[in-house]
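The values are calculated or read from the model by the stated rules, or taken from the named source; none is laboratory data. Everything numeric in this text was worked out from a predicted model, so none of it was measured. In this analysis, Cβ positions are derived from the backbone assuming ideal geometry, glycine residues included, and neighbour counts consider all displayed protein chains.
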Amino acid sequence: MSTPTEDVVKQWEREQAELKKRLVEEDTEDWQKSPDFAGLERVGGVDLSFIKGDDVNACAQLVVLSFPDMKLLYKDSQMVTLNAPYVAGFLAFRETPSLLEALEKLKREQPSLMPQVVLVDGNGLFHYREFGLACHLGVLSDLPCVGVAKNLLQVQGVVRSDEHLSQINALEKDGDTFPLTTDTGKVLGKALRSCLKSTKPVYVSVGHRISLDTAVRLTHACCRHRVPEPIRQADMISREYLRTHFPSGLSPRDNNETLNT
DNA sequence: GCGACAG
DNA sequence: ATCTTGTCGC
């Protein structure tokens, strides 16, 4: 997959700006206003996993876990062909179509298991143009979504400075946070110490139909390890799927070339 | 030219 | 994203 042309990037930027008009940054559900999330029963997690040398074929994973137990209620692994390359700031154009398909399949086949909120591997509002993958998936699915990134995206003046590192060092117990504030003073997300064991925070931001404080509280409530359980399960299960279906590490693409030789 | 670059 | 075993600690 080649790097997109400037025209394509411009088109992508227009699409992000257009979809952003439909973004809802506040709590819209009753369970979100409850101190203990009463009424929340199902939390979704999504992720894509890849085979070493292949960036076109991937395993798209959707899981639904019970809340607050974090027991697996549903899992779906699906091999997909990606149409867009990875470009920082445009991850949604690579991953959203496959994830939307998985959600539509669930709605079609097991509507009673539809998640009430989805945790997404990547950023939401914490993004160059304040419209990351979690926002994109949220708006197009119209589901509440939360962005959880494992690495800091340096954006709008938020940098890995000594100040940032000292803020991380100041997080002493799980649940502790500090805001990710842009150079213009807007809070785009929060760094969260997700569990006592890990020093490295996760970066939480609003995806759609949830407030930042609720998003952080929910993410913390889903953590048994550093990465919140829905995303962690999606990651582990999709990797397991690739291990058992392509044990040689031979991707579908390589298999076809082998057959044609 | 140099550094940054979610997944 | 992926490349990868042992190792240290609870």
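Structural remarks
- As a summary of the residue check, residue A:138 satisfies the conditions (1) away from DNA strand B (no atom under 13 Å from the Cβ); (2) touching a strand residue (DSSP E or B) at 6+ places or on another chain (Cβ under 6 Å); (3) of a type outside the set (Ser, Thr, Tyr); (4) more than 25 Å from residue A:240 (Cα to Cα) except for the one numbered (1).
- For the range A:116-156, the tally of residues that are in a loop (DSSP other than H, G, I, E, B) and in contact with a Pro (Cβ under 8 Å, 6 or more places away or on another chain) stands at 2.
- Residues within the range A:102-126 that are surrounded by fewer than 24 Cβ atoms within 10 Å (Cβ to Cβ) and of a type in the set (Asp, Glu), tallied: 2
- Selection of the range A:127-140 for residues being surrounded by fewer than 20 Cβ atoms within 10 Å (Cβ to Cβ) and either within 16 Å of DNA strand C (Cβ to nearest atom) or closer than 24 Å to residue A:40 by Cβ (or both) yields only A:140.
- Within the range A:163-249, strands (runs of 3 or more DSSP E) holding 1 or more residues that are surrounded by fewer than 20 Cβ atoms within 10 Å (Cβ to Cβ) and touching a residue at least 12 places away in the same chain (Cβ under 8 Å): A:177-181, A:187-192
- All of (1) away from DNA strand C (no atom under 13 Å from the Cβ); (2) over 27 Å from residue A:17 (Cα atoms); (3) in a strand (DSSP E or B) hold for residue A:58 with one exception: (1).
- Qualifying residue in the range A:36-46 (condition: modelled with pLDDT of 95 or more, within 14 Å of DNA strand B (Cβ to nearest atom) and of a type outside the set (A, V, I, L, M, F, W, C)): yes
- Looking across A:3, A:28, one residue alone is loosely packed, with under 15 Cβ neighbours inside 10 Å and over 24 Å from residue A:102 (Cβ atoms). It is A:3.
- Scanning the range A:1-52 for residues that are among the hydrophobic types (A, V, I, L, M, F, W, C) and in a helix (DSSP H, G or I) returns A:8, A:9, A:12, A:17, A:19, A:31.
- Qualifying residue in the range A:216-239 (condition: among the hydroxyl-bearing types (Ser, Thr, Tyr), within 21 Å of the chain's Cα centre (by Cα), at pLDDT 95 or above and over 21 Å from residue A:26 (Cα atoms)): yes
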